[in-house]
Structures are given as structure tokens and as C-alpha cells.
Amino acid sequence: MRTSRIALAAAGGLLLIFGVFRLVTELDTGDLVVLGLWLAAAVALHDGLIAPIVVGTGVLLTGVPARARRYVQGALIVGALITVIAMPLIGRQDSQPASKAILLRDYATNLSLLLGMTAAVALALYAVRVLRSHGQVRVPLEGEAE
């Protein structure tokens with residue numbers, strides 16, 4: 001396992017060097033500055049907004065029963081991913097001419113429908129879990145008192 005880790009680290013280091021080389025040789029200085037600012041803003045947004053929201057949500061989920069928690073977490077993760085994809089489309093909706101029909105859809109309504117479907121699937125999966133657990137009968141092992 002140690003050899004594979006060294007090989008993966010070496011491959012990662014070489015790819016990093018190649019990526020930095022390509023950035024420096026193919027982008028002009030202004031674009032590199034914009035890229036650096038964008039990366040700094042992404043880190044600030046993650047550490048200042050996204051990470052505290054995730055931690056706060058995790059703290060709130062401690063009140064959810066353990067059996068239901070995995071389904072709530074799954075629905076929240078899927079819902080967050082769908083929302084991240086939909087938000088730029090909602091923001092740019094109706095900003096383009098009719099020839100670019102993709103931005104003429106009602107993304108807010110579609111997002112609501114997808115989030116509702118996600119909640120319904122999570123609830124259905126949880127219901128199946130509860131029904132299965134009620135149907136189980138524990139059979140004592142050999143030599144075990146009932």
C-alpha cells in the first residue's frame with residue numbers, strides 16, 4: 001500500500017506542476033489575477049457561508065431520530081446539489097433572447113417540483129425502512145436465552 005500511495009502522490013505532484021505550467025504559459029497576467037481573486041472568493045464563500053450552514057444543519061439534525069437521520073441527510077444533500085445547479089439558471093432566467101430557449105423555462109417552479117420529489121422519495125424510503133423493521137422477528141441464537 002505504501003508504494004501505491006507514493007505513486008499516487010507523485011502522479012498528483014506531476015499533474016499539479018503541469019497545471020501550473022499551463023496556467024502560467026497560456027494565460028496573460030490579468031486573467032491570472034482574476035483567477036486568483038475568483039479562487040480566493042470561492043474559499044471565503046465556502047469557509048464563511050457554506051461550511052457554517054452545513055455544521056449548523058448537522059447540529060440541528062441531532063434532534064432527528066437516528067433511524068430517520070440518514071434519509072433526512074440524503075434528501076438535504078440531493079436538494080442542495082439540485083439547488084446549486086438551478087440557482088444560476090434562475091438568476092439568468094429571461095435574460096436572453098427567445099432564440100436561446102433554454103433560459104425561457106420556469107426554473108423556480110421546476111426546482112420546487114424536484115425538491116418536493118426528493119422529499120417524497122426520502123419519505124417513501126424511510127416508510128419502507130420502518131415497515132421492514134416492524135416485520136422483523138428476532139430469532140435467538142443457539143444457547144441464547146429468549
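None of the figures in this text is laboratory data; all of them are computed from the coordinates on show. Note that the structure is predicted; figures quoted are calculated from it, not measured. Methodologically, a virtual Cβ is constructed for each residue, glycine included, from the backbone with ideal geometry; neighbour enumeration extends over all protein chains shown.
Quick rundown of the values:
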item	result
C-alpha long axis of helix 2-26 to longest principal axis of the chain, angle in °	30 degrees
Order of 4, 112 - criterion: other Cβ atoms within 10 Å of each residue's Cβ, fewest first	4, 112
Cβ-based exposure ranking for 87, 1, in which fewest neighbours within 10 Å come first	1, 87
Rg(Cα) / (2.2 N^0.38 Å) computed for region 1-48, rounded to two decimals	1.57
Residue-wise HN-Hα coupling along region 114-122, computed from phi with Karplus coefficients 6.51, -1.76, 1.60 (Hz; x: Gly, Pro)	5, 5, x, 5, 4, 5, 5, 5, 4
Positive-end extreme of charge dipole, the chain - chosen from 125, 51, 1 (charges on Cβ)	125
